[in-house]
Amino acid sequence: MKKISLLGATGSIGTQTLDIINQHPDRFELVAMSIGKNMKLGLELVHQFKPKLLSVLTKETFEQIKHEVPSGVKLSYGDAGLVEVATIPEADVLVNAVIGSVGLGPTLAAIEARKTIAIANKETLVTAGHIVTQKAKEYGVSLLPVDSEHSAIFQCLQGENIKNISRLLVTASGGSFRDKRRDELANVTVEDALNHPNWSMGAKITIDSATMMNKGLEVIEAHWLFDMPYDQIEVLLHKESIIHSMVEYIDGSVIAQLGTPDMRVPIQYALGFPDRLDFKKQDRLNLWEVGKLHFNKPDFERYRCLKFAYEAGRTGGTMPTVLNAANEVAVAAFLEKKIMFLQIEDYIEQALENHQLVNKPSLETIIEVDQQTRRFVHSLMS
């Protein structure tokens, strides 16, 4: 039985991870978890799964709920609590499902504790990919992708020599506004943006899908996960979300991973690896019902965030950190209805242009640049 620690239990990936654990009680046990702002759901999950350790966001929340937590469950909070969850001795696997750069510290701590990392927190690799991957190699730790696209690539690589890869083809649904021209985006609403046609995801990721920043971050993540040059990573618009990604080999063969758009499949693959587990709840893919699959090349002027991501990734150093931090602040402002949709791009572009590049940054520099960028973008909005 694999023992699981879970960061971000009340989020979209977190709740689906718990669904997988619940489906396979003979395979998995939850031993530690962190929860975000949804205290009601968090307490329900604690009573259901009874982990040994629970971490909450703040000391105030700690004081608020400490008498509602079941006996035998240790309670912690803050950044230290996240690290405690990530490194709990009983766990074999850390599922990092938090949103944002807050996931970096716990991931590095878990690697040093020699936990297998099932990584859904793409910002960890975007902001500090060179540090995370080097440390994983140093400690002999596996980084197992949870994102559907990276899971698809990982599955397509099984039994193959990575030296024989020609291209990674990362598919993208195009998000909520894929059928709109750029001039139609000026006045779109938060509610419009959150209406994703294929996937059920958290608010931040859904907005990132609409801007295509999510795909840009995934390109950077793929660069680090698979040690692949950016010129060999291509994005392909595929509105059905049936093919989750593909790998082209030097002989011209293309291997694809297909399935219905359900995040529980890649989550389960990461948790069960190298085994595949039965997934009885999933609707099976019947291609004769789908009929047709559509593909298009993305336009970088239509999807400027994707362009920014490629440029930041190729530049390297602290540029991806700036990209991610500026995006997080801008998306949060859009969700709070403080800025318009297209202003997300504007603030990211200004942050990138304002930044003085640091090559091969240390962890301390990455954290400092992250905070500087957030302050800069906030200053543009004030």
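The values are calculated or read from the model by the stated rules, or taken from the named source; none is laboratory data. Every value quoted in this text rests on a predicted model; they were computed, and no experiment measured them. Heads up, the Cβs are rebuilt from the backbone with ideal geometry, glycines too, and the neighbour counts pull from every protein chain shown. These area figures cover heavy atoms from the full protein model, side chains too; ligands, DNA and RNA do not enter into them. Shrake-Rupley method; radii C 1.70, N 1.55, O 1.52, S 1.80 Å.
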Legend entry - Of the criteria (1) open to solvent by less than 10 Å² (accessible area, probe 1.4 Å); (2) in contact with a strand residue (DSSP E or B) (Cβ under 7 Å, 6 or more places away or on another chain), which one residue 157 fails: (1)
Legend entry - Considering residues of the range 167-187 that are under 25 Å from the mean Cα position of the chain (by Cα) and polar (S, T, N, Q) only, the residue nearest to residue 124 (Cα to Cα): 171
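Which residue is nearest to residue 100 (Cα to Cα), if the candidates are limited to the range 372-382 and must be under 23 Å from the mean Cα position of the chain (by Cα) and either outside any helix (DSSP H, G or I) or touching a residue at least 40 places away in the same chain (Cβ under 8 Å) (or both)?
Quick first cut of the range 372-382, residues under 23 Å from the mean Cα position of the chain (by Cα) only: 372-374, 377.
Subset that is either outside any helix (DSSP H, G or I) or touching a residue at least 40 places away in the same chain (Cβ under 8 Å) (or both): 373-374, 377.
Numbers: 373: 14, 374: 12, 377: 16 Å.
In this case the residue turns out to be 374.
Which is touching a Pro at 6+ places or on another chain (Cβ under 8 Å) and outside any helix (DSSP H, G or I), of 69, 95, 85, 31? Spell out the reasoning first.
Values: 69 fails: touching a Pro at 6+ places or on another chain (Cβ under 8 Å); 95 fails: touching a Pro at 6+ places or on another chain (Cβ under 8 Å); 85 fails: outside any helix (DSSP H, G or I).
Exactly one residue qualifies, and that residue is 31.
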Legend entry - Odd one out for residue 207, checked against (1) touching a residue at least 12 places away in the same chain (Cβ under 8 Å); (2) of a type outside the set (D, E, K, R); (3) open to solvent by 10 Å² or more (accessible area, probe 1.4 Å); (4) in contact with a helix residue (DSSP H, G or I) (Cβ under 8 Å, 6 or more places away or on another chain): (3)
Inset, instruction - State whether one or more residues within the range 252-275 are within 27 Å of residue 95 (Cβ to Cβ), surrounded by fewer than 23 Cβ atoms within 10 Å (Cβ to Cβ) and free of Cβ contacts under 8 Å to residues at least 12 places away in the same chain. - result: yes
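Restricting attention to the range 36-75, and to residues there that are small (Gly, Ala, Ser) and over 22 Å from residue 12 (Cα atoms), which single residue is surrounded by the most Cβ atoms within 10 Å (Cβ to Cβ)?
Initial filter on the range 36-75 (small (Gly, Ala, Ser)): 36, 42, 55, 71-72.
Now narrow it down to the ones that are over 22 Å from residue 12 (Cα atoms): 71-72.
Details: 71: 5, 72: 8.
Result: 72.
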Legend entry - Sole exception among (1) under 21 Å from residue 308 (Cβ atoms); (2) modelled with pLDDT under 95 for residue 199, by number: (1)
Inset, instruction - Of the numbered conditions (1) open to solvent by 80 Å² or more (accessible area, probe 1.4 Å); (2) modelled with pLDDT under 95; (3) of a type outside the set (Ser, Thr, Tyr), residue 375 fails exactly one; give the number of that condition. - result: (2)
Legend entry - Tabulated pairs, the range 295-311, first at negative phi, second at pLDDT below 95 and open to solvent by 60 Å² or more (accessible area, probe 1.4 Å), C-beta under 6 angstrom, 6+ apart or interchain: 302/182; 307/300
Inset, instruction - Would you point out which residue out of 233, 250, 255, 267 is of a type in the set (Val, Ile, Thr) and closer than 15 Å to residue 172 by Cβ? - result: 233
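Please enumerate the residues belonging to the range 9-20 that are open to solvent by 10 Å² or more (accessible area, probe 1.4 Å) and either under 15 Å from residue 94 (Cα atoms) or in a helix (DSSP H, G or I) (or both). Show your work before the answer.
Just the residues of the range 9-20 that are open to solvent by 10 Å² or more (accessible area, probe 1.4 Å), to begin with: 10-13, 15-16, 19.
Result: 12, 13, 15, 16, 19.
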Inset, instruction - Identify all residues within the range 90-126 that are of a type in the set (Asp, Glu) and modelled with pLDDT of 95 or more; write none if there are none. - result: 90, 92, 112
Inset, instruction - Determine which single condition residue 166 fails, assuming it passes every other condition in (1) part of a helix (DSSP H, G or I); (2) farther than 25 Å from residue 334 by Cβ. - result: (1)
Inset, instruction - Count, please, the residues in the range 293-331 that happen to be farther than 12 Å from residue 216 by Cβ, open to solvent by 10 Å² or more (accessible area, probe 1.4 Å) and not in a helix (DSSP H, G or I). - result: 10
Inset, instruction - Scan the range 21-35 residue by residue and report those that are open to solvent by less than 20 Å² (accessible area, probe 1.4 Å) and polar (S, T, N, Q). - result: 34
